């Protein structure tokens with residue numbers, strides 16, 4: 001199965017990237033950093049600037065079987081970059097329905113990275129409900145954190161190793 005990790009974070013080389021790199025060291029996965037793309041906020045009328053990359057990016061995304069969304073936890077929610085990406089999925093249901101239909105049946109996973117060992121209550125609801133709405137299969141996720149030495153703890157590595165087994 002072809003796997004794609006889509007990371008939305010304010011820091012391209014922060015803690016979430018460290019987690020993503022750990023995962024990519026264990027599975028074969030392509031990677032997209034949303035900071036490398038111009039993605040405008042959702043517009044009800046579909047008026048986007050010429051430099052907007054969302055639909056071009058989605059044409060690539062639908063070529064994968066499994067999508068892993070990686071995000072830090074900012075104020076108990078996904079990052080603004082990833083939220084904007086999710087908002088723009090509406091365009092795949094209105095402007096480019098072919099892309100929306102192509103998402104059907106794909107597997108969705110979530111990776112969160114926070115400063116606490118506990119994930120905020122119901123953090124994964126937007127992922128689960130979006131997958132359901134798009135007729136994708138939400139398989140699950142993993143919550144991670146980085147220790148005070150800026151390293152991945154052994155316990156978190158065990159969690160990640162288990163998560164990676166789901167992707168095989």
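Kindly establish whether residue 48 is assigned to a loop (DSSP other than H, G, I, E, B) and in contact (Cβ under 8 Å) with a residue 24 or more places away in the chain. So residue 48 fails the test. Across region 113-131, the number of residues qualifying as without any contact (Cβ under 8 Å) to a residue 24 or more places away in the chain and either loosely packed, with under 11 Cβ neighbours inside 10 Å or touching a strand residue (DSSP E or B) at 6+ places or on another chain (Cβ under 7 Å) (or both) comes to 6.
Just one of the listed residues (157, 97) is out of contact with any strand residue (DSSP E or B) (no Cβ under 6 Å at 6 or more places or on another chain) and over 24 Å from residue 17 (Cβ atoms), namely 97. Of the helices (runs of 4 or more DSSP H) lying entirely inside region 66-131, those containing at least 3 residues that are within 13 Å of the chain's Cα centre (by Cα) are 80-88.
Any residue at all in region 9-18 that is in contact (Cβ under 8 Å) with a residue 60 or more places away in the chain, buried (at least 17 other Cβ atoms within 10 Å of the Cβ) and part of a loop (DSSP other than H, G, I, E, B)? The answer is yes, given that some residue of region 9-18 is in contact (Cβ under 8 Å) with a residue 60 or more places away in the chain, buried (at least 17 other Cβ atoms within 10 Å of the Cβ) and part of a loop (DSSP other than H, G, I, E, B). Residues that are modelled with pLDDT of 95 or more and surrounded by fewer than 17 Cβ atoms within 10 Å (Cβ to Cβ) were ranked within region 63-82; the one that is farthest from residue 129 (Cα to Cα) is 63. Restricting the first member to region 156-168 and to residues that are at negative phi, and the second to residues that are in a helix (DSSP H, G or I) and surrounded by 14 or more Cβ atoms within 10 Å (Cβ to Cβ), the beta-carbon pairs closer than 6 Å and six or more apart or on different chains are 160/22.
The values are calculated or read from the model by the stated rules, or taken from the named source; none is laboratory data. This is a predicted model, so every value here is computed, not measured. Cβ: placed from backbone, ideal geometry, glycine included. Neighbour counts: every protein chain shown.
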